[in-house]
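*Asks:* Below are the structure tokens for one structure; questions will follow.
The values are calculated or read from the model by the stated rules, or taken from the named source; none is laboratory data. Computed from a predicted model, the values in this text were never measured in an experiment. A quick note on method: Cβ atoms are made from the backbone with ideal geometry, for glycine too, and the neighbour counts reach across all protein chains shown. To get the accessible areas, we keep the full protein, side chains included, count just its heavy atoms, and leave off ligands, DNA and RNA. Shrake-Rupley method; radii C 1.70, N 1.55, O 1.52, S 1.80 Å.
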Amino acid sequence: LPFQKKKLSDEVNYSVAVSKSIAQLGCLMRVPSSQVRIQICYQPTSANYKIQMAELGGLAETLVLSLALVENQLTEKLWVLKALQHLSSSGVNCRHMMKAQAASRLCLYLNDTDPSGQLVFRSSEILWNLLENASKEEVVSQLSSLECVHALKEVFVDRLINGFRHYDRQLRNDLLVIATLVAENSAASMIESGFSVLLIALATFTEVKIPNPLLKGLKLTYSYEDFEMKKLLLNIIGIFSKDPHAVQLLSENDVMPALLYYVKPHKKPGFHDWSAAQYEELQLHAIAILASVAPLLVDKYLSCQANTLLLVFLEWCVGQDPFFGQGNSFHGTGGRGSKLAQMRYSLRVLKSVVSLYDDAVNLNLCDQGAISQLLDILKYAANKLEQKDDVILLEIQANILFILSALCENDIHRKQELFSYEGVDLLISLIQMDPKKLHSGLGHMRLLFSALDCLWLLKQKNLCNIILGILSEFCDNPKTIIHISTWRGEKDQTAAKLLIQLWRQEELDLGVQRDRYGRIADVKTPIAGSFQKEQEIIPMPSSCPSFAIVEISENIRAKLYSLLCKLGFENLPGLSAKDFVTLAIIRRYIDFKVGEVWSEVCAELKEEFKPIASDEEILKVISEVSENIGRMVISYQTEVLENHHHQEIQEEEKTYTKIRAVHKQKEMVNKSWENFLTRTSNYEALKKAKRLQEKLIEASKSKSKTQNGAVHSTDIKGLGTTVSNAGCRMEKFSYMYM
């Protein structure tokens, strides 16, 4: 009955007494009386006030602990569970229950005998409340032990095989959701308990039609509950794909052919079949999971001819067959009335396997005409985008560009003959998109970067110039510098190292003179190329730029200098001594360029008239400034190379010192072993060693005699060796492992 309340303030005034009385009632669960226990659990706990008092009194924790007292009394146990079900609607009570290991205790009782079925129902409801109102990680951790996972598996199988009612199927799905949450914990004993292999077999047995003894006698219907279970099973395959230990199970239980079963157009549903909307939802879900599984099972992927199935499916996606996507599910978002959702997830699968850069996969795709087909889909998506901007179409285009880039990389035939001008025209049109769209948030920025990534496969210098210009403009935003600095390429190459390599390649193409160490070879023209040196100086109007100025826009050195200025010339990671030699030249690029312009000015003046003595002196001083800078750079470059050489010599000496130490140790061990053999095989040598040992002992004694001190002999009677047994063993051990 409710507590009697005379005043509004009674609830506050008597809260301590009430909470203590409820706590005492909980303690009475230890009384071995069924009637007492049932009466305690029968308290109406739905009133908010009583719930609050139960929170203060810790009743929920006490009731969880009392489960051990009633584990053999079904009626009392069900009453305790009913009370806990009510109490677990409170977050505070749930936290108290978790202190008493409520999740693991309840899970272990799931398979206890109960004809009414209330035990599993109430226990699962309490577990759900714990997951929602307490720490989900802590609940999952308690459920991850081998005993709990095994109990969860057994009760799930029982409901799966023997549950025919609507209620049983709902309860089965609830248990499967809990199992899914447990499977997300890498420490859970899903594989050891056999639960993983059971769930994988259950997820695939309707598609591969292979009898499985684990599922003997199981028949699934096309009810809504079975449809929900099917989606949960597909989802749990995606979870297992993240666990390296479960990959073998995925391979052995025909997961690949089961997922590929859905890579086909859906026929008109029959009487006993999924509806069109249900099949589409399963289809998109399965293809989405395939994108996670395919990279793990490449051999299975190829043996099942997955590339062929996907390309045929993509051909259907752009075909004229009448099909209207329902777009009801999460994966079908944006695909209503079209096949765009199917196209989107199929391309995700191709992207996932192509990103492995596996030669067998890529060759198989190219042999089936994937490049030309993908270009057709790219044009199809571009035409659709002209009508209306769409997130899915932008993602489709970006993924196609990534796939094409991966397929054509390092293959001249694919670039020139298969990608050809058709692909280049498409890329140019994408790069020329309206800049305003880049900030729309729909994915235009990602599409632009995908197009740029694809352009690298063309390896045209003018494109490199354009991209460096774009990067230089991006660097006006300080946040960009951080991204460029943290970027890493192949073999952990840094952005600075890449830019310096591009500079060296550019100078090689221009014919700039350098010595064999990369230092400046000519201080008068430190950065001039061979073609620039051959040009004759012709006096021109001041409005016409000289060759030294024109040359800036004709190569990428100015943009490389601009980028490195924004990155900074100090503390650049990942650079070698050769890189620092080149960096010293890049750092003085503007000074050298100014020197070139003054050199042209001097030459033009001398062509037109002879300067007076004072002007000639000034021109000479200006010319020497650039040359002096060149000499300073050479001096610095030489210092860098000498320091590097000195460092290499020191490292060599350290290595040789270690080698000598190892050899010396081996010699000492060998010598010690030889001495030991000599002493044990030659009696005269043994006596000599004995005399030497006695001499050393005498020499080590103190010279001053201790008054009345006892004198002890160092000899051991009957001993004919000069070393102890332990010494022998140590010498043998040293010889064995030298």
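*Asks:* Can you pull out the residues in the stretch 253-280 that are modelled with pLDDT of 90 or more, open to solvent by 20 Å² or more (accessible area, probe 1.4 Å) and in a helix (DSSP H, G or I)?
*Replies:* Selection gives PRO257 alone.
*Asks:* Does the stretch 141-158 hold any residues that are basic (Lys, Arg) and either surrounded by fewer than 20 Cβ atoms within 10 Å (Cβ to Cβ) or farther than 13 Å from ASN111 by Cβ (or both), and which are they?
*Replies:* The first filter runs over the stretch 141-158 and keeps only residues basic (Lys, Arg), leaving 153.
Result: no residue meets the conditions.
*Asks:* Are there any pairs with C-beta distances below 7 angstrom linking a residue in the stretch 467-481 that is assigned by the TED database to the domain that holds ASN555 to a residue that is open to solvent by 70 Å² or more (accessible area, probe 1.4 Å), with the two at least 6 apart or on different chains, and if so which?
*Replies:* none
*Asks:* Let me ask you something else. If a residue must be part of a helix (DSSP H, G or I) and open to solvent by 40 Å² or more (accessible area, probe 1.4 Å), how many such residues does the stretch 123-137 contain?
*Replies:* 6
*Asks:* Next up: Please find, within the stretch 383-406, the residue that is modelled with the highest pLDDT out of those that are open to solvent by 30 Å² or more (accessible area, probe 1.4 Å) and in contact with a helix residue (DSSP H, G or I) (Cβ under 8 Å, 6 or more places away or on another chain).
*Replies:* PHE402
*Asks:* Okay, moving on. Hey, any hits in the stretch 313-322 for a residue that's surrounded by fewer than 18 Cβ atoms within 10 Å (Cβ to Cβ), modelled with pLDDT under 90 and either among the aromatic types (Phe, Trp, Tyr) or in contact with a helix residue (DSSP H, G or I) (Cβ under 8 Å, 6 or more places away or on another chain) (or both)?
*Replies:* Yes, some residue in the stretch 313-322 is surrounded by fewer than 18 Cβ atoms within 10 Å (Cβ to Cβ), modelled with pLDDT under 90 and either among the aromatic types (Phe, Trp, Tyr) or in contact with a helix residue (DSSP H, G or I) (Cβ under 8 Å, 6 or more places away or on another chain) (or both).
*Asks:* Kindly list the number of the only condition in (1) surrounded by 16 or more Cβ atoms within 10 Å (Cβ to Cβ); (2) aliphatic (A, V, I, L, M); (3) more than 22 Å from GLU624 (Cβ to Cβ) that fails for ILE552.
*Replies:* Result: ILE552 passes all but (1).
*Asks:* Looking at the structure I just gave you, is GLN142 at positive phi and not aromatic (Phe, Trp, Tyr)?
*Replies:* It is false that GLN142 is at positive phi and not aromatic (Phe, Trp, Tyr).
*Asks:* Could you check how many residues of the stretch 556-592 are among the charged types (D, E, K, R) and either part of a loop (DSSP other than H, G, I, E, B) or buried (at least 20 other Cβ atoms within 10 Å of the Cβ) (or both)?
*Replies:* 5
*Asks:* Kindly evaluate VAL361 against the criterion of being within 19 Å of TYR261 (Cβ to Cβ), of a type in the set (A, V, I, L, M), open to solvent by less than 30 Å² (accessible area, probe 1.4 Å) and modelled with pLDDT of 90 or more.
*Replies:* Criteria not met by VAL361.
*Asks:* A further question on this structure: Just for the stretch 511-552: of the residues that are free of Cβ contacts under 8 Å to residues at least 24 places away in the same chain and hydroxyl-bearing (Ser, Thr, Tyr), which one is farthest from VAL601 (Cα to Cα)?
*Replies:* SER530
*Asks:* Is there any pair linking a residue in the stretch 669-681 that is surrounded by 14 or more Cβ atoms within 10 Å (Cβ to Cβ) to one that is not in a helix (DSSP H, G or I), with Cβ under 8 Å and at least six apart or on different chains, and which?
*Replies:* Partner pairs satisfying both residue conditions: VAL669/MET738; PHE676/VAL723; ARG679/THR721; ARG679/THR722; ARG679/VAL723; THR680/THR721.
*Asks:* Continuing with this model, one more query. Scan the stretch 252-261 and tell me whether some residue there is farther than 15 Å from ALA203 by Cα and of a type outside the set (Phe, Trp, Tyr).
*Replies:* The answer is no; no qualifying residue exists.
*Asks:* On the basis of being surrounded by fewer than 21 Cβ atoms within 10 Å (Cβ to Cβ) and more than 32 Å from the chain's Cα centre (by Cα), does GLY217 make the cut?
*Replies:* Yes, satisfied.
*Asks:* Further question: Answer yes if at least one residue in the stretch 651-673 is touching a Ser or Thr at 6+ places or on another chain (Cβ under 6 Å) and part of a helix (DSSP H, G or I), and no otherwise.
*Replies:* Yes, the conditions are met somewhere in the stretch 651-673.
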